[in-house]
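**Q** Handing you a structure now.
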Amino acid sequence: MHYAYRYRLHPTEAQRETLDYHRDTCRKLYNNALTKFNKIAKSVGTLNQQVRQVRDQLTDLKDWWTDLNDLYSTD
């Protein structure tokens, strides 16, 4: 049997603000990508092609959305 361990965090106020900032920025990025994905016509291609189309646009967002440069990413 596999157990999922849970740990309680007790962040300081500064750490809490940083966590909130990162969570909010990731939420905005997710909503932005979801909006773009929903605007793609279903006839454009397969689901994987549609996802790749949105994914490829995400790196271009860093040019004008400077908050994304503060977050870790592989690109």
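The values are calculated or read from the model by the stated rules, or taken from the named source; none is laboratory data. Bear in mind the structure is a predicted one, so any value in this text is a computation, not a measurement. Here the Cβ positions follow ideal geometry from the backbone for every residue, glycine too, while neighbour counts run over all protein chains shown.
**Q** Go through region 62-72 residue by residue and tally those that are outside any helix (DSSP H, G or I) and surrounded by 10 or more Cβ atoms within 10 Å (Cβ to Cβ). Step through it out loud before you land on a result.
**A** Start the filter on region 62-72 by keeping residues that are outside any helix (DSSP H, G or I), which leaves 65, 71-72.
Adding the requirement that they be surrounded by 10 or more Cβ atoms within 10 Å (Cβ to Cβ) leaves 65, 71.
Residues meeting the conditions: 2.
**Q** Thr59 passes all but one of (1) surrounded by fewer than 10 Cβ atoms within 10 Å (Cβ to Cβ); (2) at pLDDT below 80; (3) among the polar types (S, T, N, Q); which number fails?
**A** Every condition holds for Thr59 apart from (1).
**Q** Is it the case that Leu34 is assigned to a helix (DSSP H, G or I) and among the hydrophobic types (A, V, I, L, M, F, W, C)?
**A** yes
**Q** Something else about it: Restricting attention to region 1-41, report how many residues are over 22 Å from the mean Cα position of the chain (by Cα) and surrounded by 10 or more Cβ atoms within 10 Å (Cβ to Cβ).
**A** Within region 1-41, residues that are over 22 Å from the mean Cα position of the chain (by Cα) and surrounded by 10 or more Cβ atoms within 10 Å (Cβ to Cβ) number 1.
**Q** Then there is this: Are there any pairs with C-beta distances below 6 angstrom linking a residue in region 28-42 that is without any contact (Cβ under 8 Å) to a residue 24 or more places away in the chain to a residue that is of a type in the set (A, V, I, L, M, F, W, C) and assigned to a helix (DSSP H, G or I), with the two at least 6 apart or on different chains, and if so which?
**A** Within 6 Å, the pairs are Lys36/Val54; Phe37/Val54.
**Q** Would you confirm whether or not region 42-51 contains a residue that is part of a loop (DSSP other than H, G, I, E, B) and surrounded by 11 or more Cβ atoms within 10 Å (Cβ to Cβ)?
**A** yes
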